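Before I ask anything, let me first share the structure, which is written out below as structure tokens.
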Amino acid sequence: MGATPGKDFPGLGTGLAILRDGKLLLYRRTRAPEAGHWNIVGGKIDHLECSEKATRREAEEESGLTILSVEYLCVSEQIFADEGHHWASIIYTTTDFIGEPKVMEPEKLPEFGWFGLDALPSPLSRFAMDAVRHLKGR
């Protein structure tokens, strides 16, 4: 059995802050790290996959949206010692997409919503907090 990214060695991930009408799309997580927290869409970058392509793939798989252009936002590194996870994620942002979000992976992300940057749900994931901080700083 192979080693697991994020558990056996630091994992490399990606996230996408999707904005519409000044509101951020967030999904509630059911899995570690940060089960129960609201987070931006995203996931693991596969070997030999560029981060920009991975962010589109993950966002489309998780939201059902078609993602067009994305723009680099920040890097977020999180160590969850209590859960045994360590991830560094390259985070992008977009307002350029087609469709309406859906629950595509109910076992992982059972609910979603659009939230104003000053009216965010709780608890909010650390990755989402970093994205929001950079969005507000623009």
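The values are calculated or read from the model by the stated rules, or taken from the named source; none is laboratory data. Here the structure is a predicted model, which is why all the values come from computation and not from measurement. Heads up, the Cβs are rebuilt from the backbone with ideal geometry, glycines too, and the neighbour counts pull from every protein chain shown.
Could you tell me how many of the residues in region 21-37 are of a type outside the set (D, E, K, R) and either touching a Cys at 6+ places or on another chain (Cβ under 6 Å) or not in a strand (DSSP E or B) (or both)? I'd like the intermediate steps shown before the answer.
Looking only at region 21-37, we keep the residues that are of a type outside the set (D, E, K, R), and these are 22, 24-27, 30, 32-33, 35-37.
When the remaining residues are screened for being either touching a Cys at 6+ places or on another chain (Cβ under 6 Å) or not in a strand (DSSP E or B) (or both), the result is 22, 30, 32-33, 35-37.
Residues that pass the stated criteria total 7.
Another question about this same structure. Do we find a residue being assigned to a helix (DSSP H, G or I), surrounded by fewer than 21 Cβ atoms within 10 Å (Cβ to Cβ) and out of contact with any Leu (no Cβ under 9 Å at 6 or more places or on another chain) anywhere in region 39-56?
Yes, because at least one residue in region 39-56 is assigned to a helix (DSSP H, G or I), surrounded by fewer than 21 Cβ atoms within 10 Å (Cβ to Cβ) and out of contact with any Leu (no Cβ under 9 Å at 6 or more places or on another chain).
Moving on. Considering Tyr92, Tyr72, which residue is surrounded by fewer than 14 Cβ atoms within 10 Å (Cβ to Cβ) and of a type outside the set (Asp, Glu)? Before you say what the answer is, go through the steps one by one.
Values: Tyr92 fails: surrounded by fewer than 14 Cβ atoms within 10 Å (Cβ to Cβ).
Result: Tyr72 is the single residue among Tyr92, Tyr72 that is surrounded by fewer than 14 Cβ atoms within 10 Å (Cβ to Cβ) and of a type outside the set (Asp, Glu).
Next question, about the same structure. Among the listed residues Glu60, Glu77, Glu83, identify the single one that is charged (D, E, K, R) and either assigned to a loop (DSSP other than H, G, I, E, B) or crowded, with 18+ Cβ neighbours inside 10 Å (or both). Please lay out each step first, then the result.
Details: Glu60 fails: either assigned to a loop (DSSP other than H, G, I, E, B) or crowded, with 18+ Cβ neighbours inside 10 Å (or both); Glu77 fails: either assigned to a loop (DSSP other than H, G, I, E, B) or crowded, with 18+ Cβ neighbours inside 10 Å (or both).
Result: Glu83 is the single residue among Glu60, Glu77, Glu83 that is charged (D, E, K, R) and either assigned to a loop (DSSP other than H, G, I, E, B) or crowded, with 18+ Cβ neighbours inside 10 Å (or both).
Output the residues belonging to region 125-138 that are surrounded by 14 or more Cβ atoms within 10 Å (Cβ to Cβ) and either in contact (Cβ under 8 Å) with a residue 40 or more places away in the chain or among the small types (Gly, Ala, Ser) (or both). Break it down into steps so the answer makes sense when it comes.
Filtering region 125-138 down to residues surrounded by 14 or more Cβ atoms within 10 Å (Cβ to Cβ) leaves 125-132, 134-135.
Of everything in region 125-138, those that are surrounded by 14 or more Cβ atoms within 10 Å (Cβ to Cβ) and either in contact (Cβ under 8 Å) with a residue 40 or more places away in the chain or among the small types (Gly, Ala, Ser) (or both) turn out to be Ser125, Arg126, Phe127, Ala128, Asp130, Ala131, Val132, His134, Leu135.
While we're on this one: Out of region 106-119, which residues are in contact with a strand residue (DSSP E or B) (Cβ under 9 Å, 6 or more places away or on another chain) and in contact (Cβ under 8 Å) with a residue 12 or more places away in the chain? Write out each step before concluding.
Taking region 106-119 and keeping what is in contact with a strand residue (DSSP E or B) (Cβ under 9 Å, 6 or more places away or on another chain), we get 108-117, 119.
Passing the criteria: Lys108, Leu109, Pro110, Glu111, Phe112, Gly113, Trp114, Phe115, Gly116, Leu117.
Starting from residues that are loosely packed, with under 14 Cβ neighbours inside 10 Å and charged (D, E, K, R), keep the ones in region 106-119 and report whichever is farthest from Leu19 (Cα to Cα).
Glu107
Separate question: Return the pairs, sorted by first residue and then second, in which the second residue is of a type in the set (S, T, N, Q) and part of a helix (DSSP H, G or I), the first residue lies in region 48-76 and is closer than 21 Å to Arg138 by Cβ, the beta carbons are less than 9 Å apart, and the residues are 6+ apart or on different chains.
These pairs meet every condition: Ile67/Thr55; Val70/Thr55; Tyr72/Ser51.
Right, something else. Among the residues of region 91-138, write down those that are aliphatic (A, V, I, L, M), out of contact with any Cys (no Cβ under 8 Å at 6 or more places or on another chain) and either in a helix (DSSP H, G or I) or closer than 27 Å to Thr4 by Cα (or both). So that I can check it myself, show each step before the final result.
In the first step, residues of region 91-138 are kept if they are aliphatic (A, V, I, L, M); the result is 91, 98, 103-104, 109, 117, 119-120, 124, 128-129, 131-132, 135.
Then drop every residue that is not out of contact with any Cys (no Cβ under 8 Å at 6 or more places or on another chain), which leaves 98, 103-104, 109, 117, 119-120, 124, 128-129, 132, 135.
Val103, Met104, Leu109, Leu124, Ala128, Met129, Val132, Leu135, listed by residue number.
Which of the residues spanning region 21-33 are at pLDDT 95 or above and over 17 Å from His134 (Cα atoms)?
Of all residues in region 21-33, those at pLDDT 95 or above come to 21-30.
Asp21, Tyr27, Arg28, Arg29, Thr30, listed by residue number.
Also: Do we find that Ser122 is in contact (Cβ under 8 Å) with a residue 24 or more places away in the chain, under 13 Å from Leu16 (Cβ atoms) and not hydrophobic (A, V, I, L, M, F, W, C) in this structure?
Values: in contact (Cβ under 8 Å) with a residue 24 or more places away in the chain: yes; under 13 Å from Leu16 (Cβ atoms): no; not hydrophobic (A, V, I, L, M, F, W, C): yes.
No, not satisfied.
Also, I was wondering about something else. Do we have Ile18 as part of a strand (DSSP E or B), β-branched (Val, Ile, Thr) and farther than 13 Å from Ala128 by Cα here?
Numbers: part of a strand (DSSP E or B): yes; β-branched (Val, Ile, Thr): yes; farther than 13 Å from Ala128 by Cα: no.
The answer is no for Ile18.
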